[in-house]
1. Using Cα positions and a limit of under 14 Å, work out the aspartates and glutamates in reach of Lys165, with same-chain residues fewer than 8 apart set aside.
2. Within straight cross-link reach of Lys51, meaning Cα distance under 15 Å, which aspartates and glutamates are found once same-chain residues fewer than 8 apart are removed?
3. When a/c reaches 1.5 or more, the comparison of a/b and b/c decides; with that in mind, is the range 150-192 rounded, prolate or oblate per its Cα gyration tensor?
4. Sequence neighbours fewer than 8 away in the same chain don't count; with that in mind, list the aspartates and glutamates whose C-alpha is under 20 Å from Lys182.
5. Ranked by accessible surface with a 1.4 Å probe, highest first, in what order do Ile79, Ile50 come?
6. For the range 125-162, run through the trypsin sites (Lys or Arg not before Pro) and keep only the ones in DSSP coil with at most 13 other Cβ atoms within 10 Å of their Cβ.
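The values are calculated or read from the model by the stated rules, or taken from the named source; none is laboratory data. Small disclaimer: the values here were computed from a predicted structure and weren't measured. In this analysis, Cβ positions are derived from the backbone assuming ideal geometry, glycine residues included, and neighbour counts consider all displayed protein chains. For accessibility, only protein heavy atoms count, side chains too; no ligands or nucleic acids. Shrake-Rupley method; radii C 1.70, N 1.55, O 1.52, S 1.80 Å.
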Amino acid sequence: MAKKQKYYVVWEGIKPGIYLSWEDCQKQIVGYQAAQYKSFDSMAEAEFAIKRKYHEFTKKTISTTPKNESRQNIIQDSISTDAACSGNPGIMEYQGVETMSKKHLFHQGPFKDGTNNIGEFLALVHALAMLKKHNNDHTSIYTDSKTAISWVKNKKAKTTLESTKHNDIIFDLITRAETWLKANTFKNKILKWNTESWGEIPADFGRK
């Protein structure tokens, strides 16, 4: 069965535009901080999207009126974090948003030769450090990664990722994150996002 054609819109990158292959899209985003891009199923969708703002196509706002009782358990005073990685290893990035409003708080990447678990871990530590900097010990943090929660708890990223000429920056970020965890304490709750009941985490990159 032939692979379905995808159309890649690059809003922010080396050369913004519409690209017909992931390989061509990668050339525009790798090494470009805060790159903005997304795939679409048709050229018409891509042409519509590129004339608008990136965030119009990544928001999945959580209603303040839950569709079912379980959604009432979502803590409103919270940050949601997530990572995306195309391949394993592959192009990795991570971000954090306000859970209810989906306001973007931070975004890092894309980085070459990373993994999703590393991105999830770095996103959690980034959120913790950001809250610590603002003397905020009450806001909770959501992640959909049990692995990332475990790594933060143990203050160690137990990755098997091999070093390459492209991912020195990732290993530097891991070292900095581990060092921060060992040097700091925090009261903020780290919670597992209930994807089955609540849908995708608000920080999801929307590329599934």
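1. Leaving aside aspartates and glutamates fewer than 8 places away in the same chain, those within reach of Lys165 are Asp113.
2. Glu12
3. On the way: a/c = 2.84, a/b = 1.95, b/c = 1.45.
In terms of gyration-tensor shape, prolate.
4. Glu120, Asp137, Asp172
5. Working: Ile79 10, Ile50 60 Å².
Putting Ile79, Ile50 in descending order of accessible area: Ile50, Ile79.
6. Values: sites: Lys132, Lys133, Lys146, Lys153, Lys155, Lys156, Lys158; in loops: Lys155, Lys156, Lys158.
Answer in residue order: Lys158.
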